[in-house]
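> Encoded as structure tokens, here's the structure I'll be asking about.
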2 protein chains.
Amino acid sequence: MEEHSNSSNAKERAQSNSSAEPRTEEAKAHHYDASKYQRPSVTVDVVIMSLRQKDLQVLLIKRRSWPFEGMWAIPGGFVNFDESLEDAAKRELQEETGVQDVYLEQLYTFGDPGRDPRTRVITVVYFVLLDSERLQVRAASDAADVSWFSVYDLPPLAFDHEKVLNYTLNRLRGKLDYTTIAFNLLPEQFTLRELQRVYEMILHKKLDKRNFRKKILATGILEDTGAKKMEGTHRPARLYRFNPAAEHKL
Amino acid sequence: MEEHSNSSNAKERAQSNSSAEPRTEEAKAHHYDASKYQRPSVTVDVVIMSLRQKDLQVLLIKRRSWPFEGMWAIPGGFVNFDESLEDAAKRELQEETGVQDVYLEQLYTFGDPGRDPRTRVITVVYFVLLDSERLQVRAASDAADVSWFSVYDLPPLAFDHEKVLNYTLNRLRGKLDYTTIAFNLLPEQFTLRELQRVYEMILHKKLDKRNFRKKILATGILEDTGAKKMEGTHRPARLYRFNPAAEHKL
DNA sequence: TAAATAGTGTCTATTAGACATTATCTA
DNA sequence: TAGATAATGTCTAATAGACACTATTTA
């Protein structure tokens, strides 16, 4: 389980921050010599997940330089000296997507020496769940080297970001039935079918419609908005809203 | 949620490692001025828990200097430049207790600026579960400023180590019924009553004897050693052993 | 034989899962 | 009225929890 700084922003700073790391294997020897005088760098990576095209997707960045040049990576960057870890994660998120006020959770800290060939890096990984509506607003800003991928159909990833994504998925799955974490992937109002799709995408398996609705409605965490969602040539679906007052019931 | 380095070992290095932090509030101003040239310190703290005197206890260290002088704290220290986080945690454990090969799990990383008045510190917290037998071996080595406390009867703690301990307890509770984490607090062979006590201490409530035994035995994770534990003037109890092959059944 | 803890079973309520039909809307 | 998705209930199996007595050992 490894990874490291990789947004364009982070890469720039990697150059200036550590007295210019040479991009050769000699870098390693250099650092070992100086190890007693050096401190590890601390970075924050942010796994940004959302629902796009009825798919659970993650935002990745294409690396433009060594190491892992040309491969896709989880966005991240250095933590400023006087900035909290969570603030650093929010800053990354803002830089990559422009959104704020989202669900943000610390996932795990990866710190094995040697996982980044440039220097010793300790990375605190956070993950973010974005609802699909906010995302549409920013869809246009996607650059060529930033792209969304289905979590179930990933390109080759830099560092061991594949493990980080698996770890994220497992965390999500584990929390699915005793928290309201899934609601963070939906806009304020949603249909039961949409909620079911979120569960199905995270668990990566089909759920029984009747049992799902029965169980969710029994908890009382949803309240009927009275509104209906009409789309296509069929019966419209009720729109529900999450009722935070009943969060404890899940 | 905060904390920081506090073993005697860590404290010594705190002096030499950060160009001698003055023990006054001026320290803060100094660091802010220099913030763009500085990196956070990275420390590892280790919550060491064990069963002692039929109680769930945690190992704490009395601080000998500012900040929080005289208060009790979770042991910890700096991460060496070429040492993994887990190795740093194991080293701390070894220094404090002399034991090795124990259950070790990363808990959470605390990194808010200002939680340590000396400098910016990012602390990765691990927790360790020790079985009671190993502990007895080392009981004699306890120094005056190292002591065990019941997790349900703690002294005033330095930093916000109280929150860290609560966090640890919650993690333990959460994992209790879908992992075999509790077994790490017991020696290789144990009676069902002893196992029940572990669950009761972690959950901090009484469990029904029949239901508990029924449930545990139904999983098949225990195997009867054939041996019995006789103590006191009453019927001896069967000794069981954890069967790792059946771990998935829990 | 008294004291102390080990060891055991039943009944009930709740929950999880399998499963198929009717309702309502638009084109 | 055809096509499409929404909405709904029953039965069964498994699980969780309440609850009290007998078994075995030593002093």
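> Out of (1) facing chain A (nearest Cβ under 9 Å); (2) surrounded by fewer than 22 Cβ atoms within 10 Å (Cβ to Cβ); (3) at pLDDT 95 or above, what's the single condition that is false for residue B:71?
(1)
> Within 23 Å of residue A:101 (Cα to Cα), acidic (Asp, Glu), within 16 Å of DNA strand D (Cβ to nearest atom) and not assigned by TED's automatic domain parsing to the domain that holds residue A:44, is that true of residue A:194?
Judged against the criteria, residue A:194 is a match.
> Give me the pairs: first residue in region A:204-227 and farther than 16 Å from residue A:193 by Cβ and in contact (Cβ under 8 Å) with a residue 40 or more places away in the chain, second residue within 12 Å of DNA strand C (Cβ to nearest atom) and not small (Gly, Ala, Ser), beta-carbon distance under 8 Å, and six or more apart or on different chains, which are they?
These pairs meet every condition: A:221/A:249; A:221/A:250.
> Could you say which residue among A:242, A:212, A:183 is within 13 Å of DNA strand D (Cβ to nearest atom), surrounded by 14 or more Cβ atoms within 10 Å (Cβ to Cβ) and either under 27 Å from the mean Cα position of the chain (by Cα) or within 14 Å of chain B (Cβ to nearest Cβ) (or both)?
Within the list A:242, A:212, A:183, the selection yields A:212.
> Being assigned by TED's automatic domain parsing to the domain that holds residue B:41, under 18 Å from residue B:58 (Cα atoms) and either surrounded by 20 or more Cβ atoms within 10 Å (Cβ to Cβ) or of a type outside the set (Asp, Glu) (or both) is the requirement here; does residue B:134 meet it?
yes
> Something else: Just give me the residues in region B:190-220 being acidic (Asp, Glu) and under 20 Å from residue B:172 (Cβ atoms), in sequence order.
Within region B:190-220, B:194, B:200 qualify.
> Considering only residues that are of a type in the set (Asp, Glu), within 18 Å of residue A:132 (Cα to Cα) and either buried (at least 18 other Cβ atoms within 10 Å of the Cβ) or touching a residue at least 24 places away in the same chain (Cβ under 8 Å) (or both), which ones fall in region A:96-118?
A:96
> Further question: If you go through region A:44-60 one residue at a time, do you hit one that is farther than 23 Å from residue A:150 by Cβ, in contact with a strand residue (DSSP E or B) (Cβ under 6 Å, 6 or more places away or on another chain) and not polar (S, T, N, Q)?
yes
> Is it the case that residue B:193 is surrounded by fewer than 17 Cβ atoms within 10 Å (Cβ to Cβ) and among the basic types (Lys, Arg)?
In short, yes.
> Mind listing just one residue for me: the one in region A:81-95 that is touching a Ser or Thr at 6+ places or on another chain (Cβ under 9 Å) and surrounded by fewer than 18 Cβ atoms within 10 Å (Cβ to Cβ) and, of those, nearest to the other protein chains (Cβ to nearest Cβ)?
A:82
> Please specify each residue of region B:161-178 satisfying the condition of being open to solvent by 30 Å² or more (accessible area, probe 1.4 Å) and closer than 16 Å to residue B:74 by Cβ.
The answer is B:162, B:163, B:166, B:167, B:170, B:171.
> Still on this structure, please answer the following. Any idea which of A:125, A:47 is under 12 Å from the mean Cα position of the chain (by Cα), within 14 Å of chain B (Cβ to nearest Cβ) and surrounded by 22 or more Cβ atoms within 10 Å (Cβ to Cβ)?
A:125
> Here's something else I'd like to know. Select from region A:186-201 the residues that are in contact with a strand residue (DSSP E or B) (Cβ under 7 Å, 6 or more places away or on another chain) and within 15 Å of DNA strand C (Cβ to nearest atom) and write down the one among them that is farthest from the other protein chains (Cβ to nearest Cβ).
A:191
> Suppose we filter region A:215-239 for residues that are more than 13 Å from DNA strand C (Cβ to nearest atom) and open to solvent by 90 Å² or more (accessible area, probe 1.4 Å); how many remain?
Number of matching residues: 0.
The values are calculated or read from the model by the stated rules, or taken from the named source; none is laboratory data. Treat the numbers as computed from the prediction; the structure is a model and nothing was measured. Here the Cβ is made from the backbone with ideal geometry for all residues, glycine too, and neighbour counts use every protein chain on show. Accessible surface is based on the protein model in full, side chains and every heavy atom, while ligands, DNA and RNA are left aside. Shrake-Rupley method; radii C 1.70, N 1.55, O 1.52, S 1.80 Å.
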